[in-house]
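Down below is the structure, laid out as structure tokens.
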Amino acid sequence: MRPVSTRTLHSLRRTGLLLALATVSLGHVGSPNVFLEGTAGPYPVHVVVRPPGVIPGVAQIAVRVRAPAAGGNQGRGLGKLRVTAQPVQWDAGPEGAPPPDVAQRVFGDPGLFTASLWLMTASSYDIRVAVAGPAGRGTVVVPVSTTASRRLEMRNGMTVGLLAMAALLFAGMLTLVGAGVRESVLAPGVSPQPHDRRRARLAMVATATVLATLLLSGKSWWDRIDAAYRERLYKPYHVVTGLQLDGPQQVLRLSIADPRWRGPGWTPLVPDHGKLMHLFLIRTPGLDAFAHLHPVPAPAADGAFRVALPRLSAGVYHLYADITEESGFAETLTATVTLPAPPQPPAPFDPQRAGLQGDPDDSVRLAAPVAWRPPNDAKISPLDGGLTMTWLRPVAPRLIAGRDAALRFAVRTPDGRPVPLEPYMGMPGHAVVCRADGQVFVHLHPQGTISMAAQELLAGRAGLLDARSESGQSAMPTMPMTPMMSTMPMTPTSAAAGDRGEVSFPYEFPEPGRYRIWVQVRSAGQVLTGVFDVEVGRGG
């Protein structure tokens, strides 16, 4: 590679300083809740897992079961269902798991069940949701990565109340000791003498000293426990990036510079949708430039990846990189990158020269900056070739944080005919949701927020990949377990929707604010990206 210019070197140094000081630590990078659309034997299910923010803690599970396609009407098909949920830690297996909890049916809704599960450690779990009914039985695996993400603070009212009770108990103990030493050995009717009172005061001082020592020791013990818990709070891997020039081509290098990488508890990365890493670059503050890239491991480098950058406008970009470990633990790495203007004149990228393989799944989308107040009636996004993508939103005045959002889209020709969709990295489509301030980011699939690679791994360990329900249907799509797992096959339902030019994503916005949504599909070998802005309101 040729040496970079002085100006470019200065820009790279500034970029490194920004990365060292301003690596983004975001509020909801990755969905705080887990959504899954799948099947448990013959039953289509929609599962929502709300993990606890503190560990140990209780996860709330909601399972909506729909009647099989040939199961008659909704009420009759769901009349005698039994739904259970069991948390299985990835390295403990079912032998080390508690027995399944029976989910309770929600009154008035025959297809909705809820359960509460204790998750005792920060780890990767598979929540095994089993459904049994007249049409048969089946199990679906929901991968959940649990982390201690917050520390519960004691409320001021409780603090004052506990301190008052402690002071009362302290004073009561001293009173009891003083009275016992002063009067317990006296005959009835005899008044304490001065020496009795002195002895009682000495006993009270000694008791106060012992109690104070115990309280200080207890506080020191509590502080150590609290400090250890703070150390265990989830922190993404520290990421360092840099830019290199290879002729006219910019190459982004991303290194996981963290002592936990390859440390105790670490497991190797596995491909998700055939890629070891899904990297997203989103320019801030307008969110007007978007790139979905797939870095590859750098030669002879530990924890380093690199990718050829497309021609992106200069500016500051939020960087998000999705990875999945062999344990099933999935996380999103974050950083802030300042990109200089691309070199001139433009020239085609030569993968042989850069030592990189071109990835046909890489894509870029430029758009106008997100509006300060996005119009909620803007439901159509233009695509290449005169095509359009329409957000098939229900007639509702506003999306509300914490409520189910209808993320359903359709691709149409100029005359309104549906455009058949092809699998894009093995999926009917991909969607990225980002709030304008970058504090909320999630990469969605039609099957939900889960990592497909994590589901394959955990289902393989559970022995469910080839399991058959009593009705003769598979509990999960059958797929071989290989070291380079690639894609999750499209279900018949999603394939039919793709033929109609439609794709949908289960999701709920975690917080109010201005959002931009990028929806990516493939048609006729071309990746198409629709862009939609929306204002999400605060729930009541």
For residue 219, which lysines qualify as cross-link partners when the Cα separation must be under 28 Å and same-chain residues fewer than eight apart are set aside? 235
Return the long-range amide H neighbours of residue 123 (sequence gap of 5 or more, or a different chain), with a cut-off of under 5 Å between placed amide H atoms. 146
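If we sort 523-536, 442-455, 122-135 on the protection proxy, mean other Cβ atoms within 10 Å, highest first, what's the order?
Top to bottom by mean Cβ count within 10 Å: 442-455, 122-135, 523-536.
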List the residues whose amide H sits under 5 Å from the amide H of residue 448, counting only those 5 or more places along or on another chain, with H placed 1.01 Å from N in the peptide plane. 37
Residue by residue through region 518-530, the couplings from Karplus 6.51 cos²θ - 1.76 cosθ + 1.60 with θ = phi - 60°, in Hz, x for Gly and Pro, are 10, 10, 10, 9, 10, 9, 6, x, 10, 7, 10, 10, x
Taking θ = phi - 60°, what integer Hz values does the Karplus form 6.51 cos²θ - 1.76 cosθ + 1.60 yield along region 107-115, in sequence order, with x for Gly and Pro? 4, x, 10, x, x, 10, 10, 10, 8
Determine ³J(HN,Hα), in whole Hz, for all residues of region 399-413 in sequence, where each value follows from phi through the Karplus function 6.51 cos²θ - 1.76 cosθ + 1.60 and θ = phi - 60°; x replaces Gly and Pro. 7, 10, 4, x, 10, 4, 10, 8, 9, 10, 9, 9, 9, 10, 7
Using amide H atoms built 1.01 Å from N in the peptide plane, name the residues 5+ places from residue 407, or on other chains, whose amide H lies under 5 Å from its own. 505, 507
Reachable aspartates and glutamates from residue 275, Cα under 20 Å, same-chain residues fewer than 8 places away excluded? 302, 322, 325, 326, 331, 359, 361, 362, 422, 456
Order 258, 415, most accessible first, counting only protein heavy atoms with a 1.4 angstrom probe. 415, 258
Could you order 204, 425 by accessible surface area, starting with the largest, using a probe radius of 1.4 Å? 204, 425
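Largest first, what is the accessible-area ranking of 222, 261 with a 1.4 Å probe? Please list the in-between numbers first.
Working: 222 150, 261 25 Å².
Heavy-atom accessible area, descending, gives 222, 261.
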Counting only protein heavy atoms and using a 1.4 Å probe, what share of the accessible area of region 172-277 belongs to carbon plus sulfur, as a whole percent? 66
Projected onto the charge dipole of region 181-272 (+1 at Lys/Arg Cβ, -1 at Asp/Glu Cβ, origin at the Cα centre), which of 267, 204, 229 gives the Cα projection farthest towards the positive end? 204
Where in region 496-540 does the amide nitrogen come within less than 13 Å of the point 7 Å from the Cα of residue 368, taken along Cα to Cβ? 532-533
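The values are calculated or read from the model by the stated rules, or taken from the named source; none is laboratory data. For clarity, every value in this text was computed on a predicted model and none was experimentally measured. In this analysis, Cβ positions are derived from the backbone assuming ideal geometry, glycine residues included, and neighbour counts consider all displayed protein chains. Note: accessible area is taken over every heavy atom of the protein model, side chains too, but ligands, DNA and RNA are not part of it. Shrake-Rupley method; radii C 1.70, N 1.55, O 1.52, S 1.80 Å.
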